[in-house]
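Reading through the structure tokens given below for one structure.
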Amino acid sequence: MEQYFFAHPTAVIDEDCVIGKGTKIWHFSHIMSNCVLGESCNLGQNVVISPGVVLGRNVKVQNNVSIYTGVTCDDDVFLGPSMVFTNVINPRSAINRKNEYAKTHVGKGASIGANATIVCGHNIGKYAFIGAGAVVTKDIPPYSLWVGNPAKLMGWISEYGHRLKFDKDNIAICPESKEKYKIEGNNVSKIKQETVNGH
């Protein structure tokens, strides 16, 4: 059967995985059974994908990342080098908590920086940006920027990864894409561009 993805010879891929077309799996990575990897993903060296994990399209997983059972990532997520997910709130070596895995969902386009830790049971909103080394202990709203331990809200960020500066009308423009955003309370949303004459 023709293989539509690339796996380095040192990678280990268990049975009953679904791996999308164009995905690349690099040295010493382990893809465990019953996980789903979307098209065009890129998994660096020494990555572990645990059973039941679902990754969308074009997810970039840098070196030394383990994605544990209970984690799902939407399309275009970036997971920085050596960032960490957890899946049990109160782990003890002597107590089996396999039926107590807490779920973590990472929304479309979100980025999680190198060495950040995501404590399980919290969702990361779409296009959120978690800085390097941050420790996330709560749900993260879309388009928000968080740094520190514990992570604190530092501002808002566009889909292109630029800080948003809101004017007196609560509108911000991304300097790169020129797309507009609106803030209401602790909620940022992208303003849909109006079409003229159906264009």
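Remarks
- This model, with +1 at the C-beta of Lys and Arg and -1 at the C-beta of Asp and Glu, gives segment 1-87 a dipole about its Cα centre of some 240 debye.
- Segment 47-139 - charge dipole about Cα centre, Lys and Arg +1 at Cβ, Asp and Glu -1, debye rounded to 20: 160
- Counting 0.36 nm for each residue step from residue 115 to residue 90 and taking away their Cα separation leaves a gain of 6.9 nm.
- Loop GluC sites (Glu not before Pro), segment 1-108, which have at most 11 other Cβ atoms in a 10 Å radius of their Cβ (DSSP): 2, 15
- Cβ-based charge dipole, the chain, positive-most Cα from 96, 122, 48: 122
- Taking 118, 157, 183 in turn, the Gaussian network model of the chain (Cα-Cα springs below 10 Å) assigns the largest fluctuation to 183.
- Shape call, segment 61-145: gyration tensor on alpha carbons, a/c limit 1.5: prolate
- Separation in nanometres of the label points that stand 7 Å from Cα toward Cβ, at residue 98 and residue 165: 5.5
- Built amide H within the under 5 Å cut-off of residue 7, gap 5+: 25
- Around the amide H of residue 104, modelled in the peptide plane, lie the amide H atoms of 71, 72, 121, all under 5 Å away and 5 or more residues distant in sequence or on another chain.
- Packing-based order for 73-83, 50-60, 159-169, 24-34, using average beta carbon neighbours within 10 Å, highest first: 73-83, 50-60, 24-34, 159-169
- Percent of beta bridges antiparallel (DSSP, the chain, rounded to nearest 5): 25
Every read-out reported here was derived from the displayed coordinates using simple, explicitly stated rules and does not represent laboratory data. Computed from a prediction, not measured in an experiment: that's the story for all the values here. Cβ coordinates were reconstructed from backbone atoms using ideal geometry, including for glycine residues, and neighbour counts include every protein chain displayed.
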